[in-house]
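The values are calculated or read from the model by the stated rules, or taken from the named source; none is laboratory data. Remember, predicted model here, so these are calculated numbers, not experimental data. So basically every Cβ, Gly included, is an ideal-geometry build from the backbone, and we count neighbours across all protein chains shown.
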Amino acid sequence: MGEQNKSFMNWIDKRFPVTENLERHLTKHPVPKKVNFFYIFGALLMVIFMVQVITGIWLMMFYTNTEEGAFASVEYIMRDVEYGWLMRYMHSTGASAFFFLMYFHMFRGLLYGSYQKPKELVWLFGCFLLFLLMAEGFLGYVLPWGQMSYWAANVILSLFGAIPVIGPDLQVWIQGDYVLSGATLSRFFALHVVVVPLLMIALVVFHIFALHEVGAGNPEGVDIEKHRDENGMPLDGAPFHPYKTFSALPAIGIFFVIFFAIVFFAPEGGGYFLEKPNFEEADFLKTPEHIAPVWYYAPFYSILRAITFGIPFLGITSKFLGFIIFAASIAILFVVPWLDRSKVQSIRYKGIYSKIGMILFAASFITLGYLGTKPVNELRTLIAQISTLFYFLPLLLMPIYTKYEKTLEVPDRL
Amino acid sequence: MSKKVDQNRRKALHITSGIVGAVTVAGFAVPFLSAWNPSEKAKALGASVEFDLSKLEVGAMAVLEWRRTPIFVVHQTSKALENLPKLDSKVTNPAIEEGITRSENSKYTVLKGVCTHLSCAPKYYPEIEPKAWDQEWLGGFFCPCHGSKFDLAGRVYKGVPAPTNLEVPPHSFDGDVLIVGDSA
Ligand code: HEM
Ligand code: FES
């Protein structure tokens with residue numbers, strides 16, 4: 001039997017290198033022995049991605065992508081399709097979970113300098129994934145064609161209209177109409193279910209390939225490649241499978257318990273996951289009293305709103321400047337690997353300025369997120385402006401303070 | 001087969017095939033990108049709409065729909081017509097050349113009900129009374145989305161997110177009938 005199996009695998013391997021790749025990426029791929037809680041989010045992201053794809057495919061079987069039919073088809077899914085509510089709530093809660101995991105996964109990267117040489121591309125592919133996820137969430141939110149879908153999309157689309165010269169034509173081109181309409185809805189559907197997910201799958205593959213090429217990091221910032229045993233396996237490392245795969249299982253279990261608790265008991269997330277105005281069909285003559293983004297866009301939306309001033313002598317309106325700063329708040333993440341000049345990776349061994357910077361950055365992000373869900377007033381605008389400043393400063397000043405601050409000695413072994 | 005590769009010939013072939021390839025891709029992109037433009041049907045919906053002004057009381061506002069955009073028609077009170085010039089210094093662009101009502105008519109104002117900030121629909125607050133957003137409010141429009149303020153002629157106040165006055169759509173008056181859109 002065993003012999004037969006072996007020759008069968010041989011036959012396959014000569015034509016399609018299964019064994020080689022299993023070894024390369026699973027059974028012989030070394031990962032650091034000791035990591036912490038923050039290192040589970042990548043695995044959970046893979047899991048939630050699959051949840052989104054599967055529930056999404058099922059929703060697609062019942063959803064209608066027309067202006068006349070969209071809202072009613074979502075009600076149909078919720079009321080008439082067996083377990084349709086479960087598919088929809090898993091998908092909408094999944095979107096929130098996706099962002100939640102993504103933000104922690106990225107925060108881990110910032111804390112432990114996981115983006116540093118030679119993992120720049122891992123980080124860069126990750127940033128593209130963030131961008132695509134943001135686009136995906138936005139496109140998906142339009143599909144139920146509720147009041148908030150419509151008006152929130154209107155706000156975002158008119159950002160394109162704010163680009164000087166080409167803006168208005170660009171906006172009409174994206175919308176396929178002079179206003180946001182059914183034409184927009186059906187193209188957003190195509191982008192949401194096919195284009196963006198395909199790009200995301202490709203990027204996840206790139207993300208993992210790049211990571212496996214350079215090796216995973218750890219919270220200490222220790223290079224495990226330095227000390228190897230006689231077989232070439234790093235002394236502080238263990239094969240990905242079975243060590244990592246099995247240790248991830250309990251975490252995945254806990255994650256699902258929490259996830260389904262929300263799906264069953266609080267699927268609307270108190271109005272932060274699914275917003276009240278979205279239970280009313282889109283009405284293009286009536287704006288809801290207060291337009292608020294879903295929580296995961298709130299920090300960036302706050303930045304957009306905080307810019308109440310333009311640069312008149314350059315002909316830049318406040319609206320366009322808001323768009324630029326908003327775009328910059330995401331774009332700046334892409335260049336973090338080149339802003340950090342520190343000799344050490346982990347925050348544990350970095351100096352005091354890095355620590356203060358990280359606290360300011362995280363605090364601003366949370367403050368902006370809170371403000372983004374609330375209506376504006378003068379005080380909130382001022383706080384949002386200050387928070388925007390402290391979102392950017394820790395990153396912008398990074399090249400200076402990481403170069404000059406005093407760092408601690410990193411140990412040799414994990 | 002000669003062993004020697006003619007490098008110049010190879011280079012020329014690379015460049016020409018590159019160019020031909022790029023032109024082909026660009027050519028094929030045209031129909032795909034053009035498909036995203038408004039269709040003939042969407043364009044046809046841009047036809048004009050009419051509105052009977054005799055039903056609109058003094059101080060009231062009607063909302064019409066044109067190109068699926070809300071159009072605000074305000075019948076100005078004499079008090080409003082008196083107050084509007086007083087706001088010239090508080091608005092970004094007084095647009096005096098457009099006349100007090102900014103329309104073809106001295107009593108009615110016709111505006112696109114689309115905030116010039118990020119396209120929400122501003123709300124009509126004609127009362128002259130202190131408001132949460134302005135203690136000296138003389139009536140006008142307030143956008144609930146990010147707090148832009150406009151006066152009754154749709155002129156934007158200074159220091160708010162919206163950069164420009166509410167747009168005046170193409171319109172004309174025929175007796176008591178208002179025509180919004182190109183009358184042709
Ligand atoms: C669809 C979204 C994503 C998926 C499925 C994903 C998946 C993963 C997985 C499985 C790992 C290895 C396990 C771990 O370290 O947690 C990983 C590592 C990593 N990811 Fe992601 N990721 C995603 C998005 C992002 C984003 C948005 C960023 C940052 C901009 C990012 C940055 C990183 C970095 C720097 C590492 C290497 C960490 C290290 O080894 O020290 N990822 N990712
Ligand atoms: S859309 Fe009106 S203030 Fe922003």
query: Does A:GLY271 satisfy the criteria of being without any contact (Cβ under 8 Å) to a residue 40 or more places away in the chain and on the phi > 0 side of the Ramachandran plot?
result: yes
message: Residue under question is A:LYS350, and the condition is that it be among the basic types (Lys, Arg) and either modelled with pLDDT under 95 or not in a loop (DSSP other than H, G, I, E, B) (or both); does it hold?
response: no
task: From (1) more than 21 Å from the chain's Cα centre (by Cα); (2) crowded, with 16+ Cβ neighbours inside 10 Å; (3) modelled with pLDDT of 90 or more; (4) within 16 Å of ligand 1 (Cβ to nearest atom), pick out the condition that doesn't hold for A:PRO250.
output: (2)
- prompt: Filtering segment B:43-54 down to residues that are surrounded by 14 or more Cβ atoms within 10 Å (Cβ to Cβ) and of a type in the set (A, V, I, L, M, F, W, C), which residue is farthest from the other protein chains (Cβ to nearest Cβ)?
  reply: B:LEU53
message: Could you check segment A:161-173 and list, in sequence order, the residues that are crowded, with 17+ Cβ neighbours inside 10 Å and either modelled with pLDDT of 95 or more or within 11 Å of chain B (Cβ to nearest Cβ) (or both)?
response: A:GLY161, A:ALA162, A:GLN171, A:VAL172
task: Determine the pairs where a residue that is more than 11 Å from B:ILE100 (Cβ to Cβ) and within 14 Å of chain A (Cβ to nearest Cβ), located within segment B:68-87, has a partner that is part of a helix (DSSP H, G or I) and of a type outside the set (Val, Ile, Thr) with Cβ atoms under 9 Å apart, the partner being 6 or more residues away or on another chain.
output: B:VAL73/B:LEU53
message: Looking at (1) at pLDDT below 95; (2) buried (at least 17 other Cβ atoms within 10 Å of the Cβ), which one does A:VAL193 not meet, given that it meets all the others?
response: (1)
query: Limited to segment B:102-146, what total is found for residues that are within 14 Å of chain A (Cβ to nearest Cβ), part of a loop (DSSP other than H, G, I, E, B) and over 18 Å from the mean Cα position of the chain (by Cα)?
result: 3
- request: Would you tally the residues in segment A:61-87 being among the hydroxyl-bearing types (Ser, Thr, Tyr) and assigned to a helix (DSSP H, G or I)?
  value: 2
- line: Note on A:GLU213: of the conditions (1) away from chain B (no Cβ under 14 Å); (2) of a type in the set (Asp, Glu); (3) not in a helix (DSSP H, G or I), unmet is (3)
- line: Among the residues of segment A:278-301, the number that are within 20 Å of A:PRO267 (Cβ to Cβ) and assigned to a loop (DSSP other than H, G, I, E, B) is 4
Hits in segment A:52-66 (condition: crowded, with 18+ Cβ neighbours inside 10 Å and either within 16 Å of ligand 2 (Cβ to nearest atom) or in contact (Cβ under 8 Å) with a residue 40 or more places away in the chain (or both)): A:GLN52, A:GLY56, A:TYR63, A:ASN65
query: A:MET78 fails exactly one of the following numbered conditions: (1) in contact with a strand residue (DSSP E or B) (Cβ under 9 Å, 6 or more places away or on another chain); (2) within 30 Å of A:PHE284 (Cβ to Cβ). What is the number of that condition?
result: (1)
message: Tell me yes or no: at least one residue of segment B:32-42 is over 22 Å from A:LYS286 (Cα atoms), in a loop (DSSP other than H, G, I, E, B), hydrophobic (A, V, I, L, M, F, W, C) and within 14 Å of chain A (Cβ to nearest Cβ).
response: yes
In segment A:274-302, the residues that are under 19 Å from B:GLY113 (Cβ atoms) and either of a type in the set (S, T, N, Q) or within 16 Å of ligand 1 (Cβ to nearest atom) (or both): A:THR287
- prompt: Can you pull out the residues in segment A:276-294 that are within 14 Å of chain B (Cβ to nearest Cβ) and under 26 Å from the mean Cα position of the chain (by Cα)?
  reply: A:PRO277, A:HIS290, A:ILE291, A:ALA292, A:PRO293
message: Exactly one condition in (1) out of contact with any His (no Cβ under 7 Å at 6 or more places or on another chain); (2) closer than 21 Å to B:VAL58 by Cα; (3) surrounded by fewer than 19 Cβ atoms within 10 Å (Cβ to Cβ) is false for B:LYS112; which is it?
response: (3)
message: On the basis of being within 16 Å of ligand 1 (Cβ to nearest atom) and more than 18 Å from A:LEU211 (Cα to Cα), does A:SER73 make the cut?
response: no
- request: Might you let me know whether segment A:86-96 holds any residue that is near ligand 1 (Cβ under 10 Å from one of its atoms) and away from chain B (no Cβ under 14 Å)?
  value: no
query: Is segment A:319-334 home to any residue that is charged (D, E, K, R) and away from chain B (no Cβ under 14 Å)?
result: no
query: Taking only pairs six or more apart or across chains, which ones have beta-carbon atoms under 7 Å, a first residue in segment A:355-367 that is more than 13 Å from A:ALA298 (Cβ to Cβ), and a second residue that is aliphatic (A, V, I, L, M) and outside any helix (DSSP H, G or I)?
result: A:LYS355/A:ILE347; A:MET358/A:ILE347
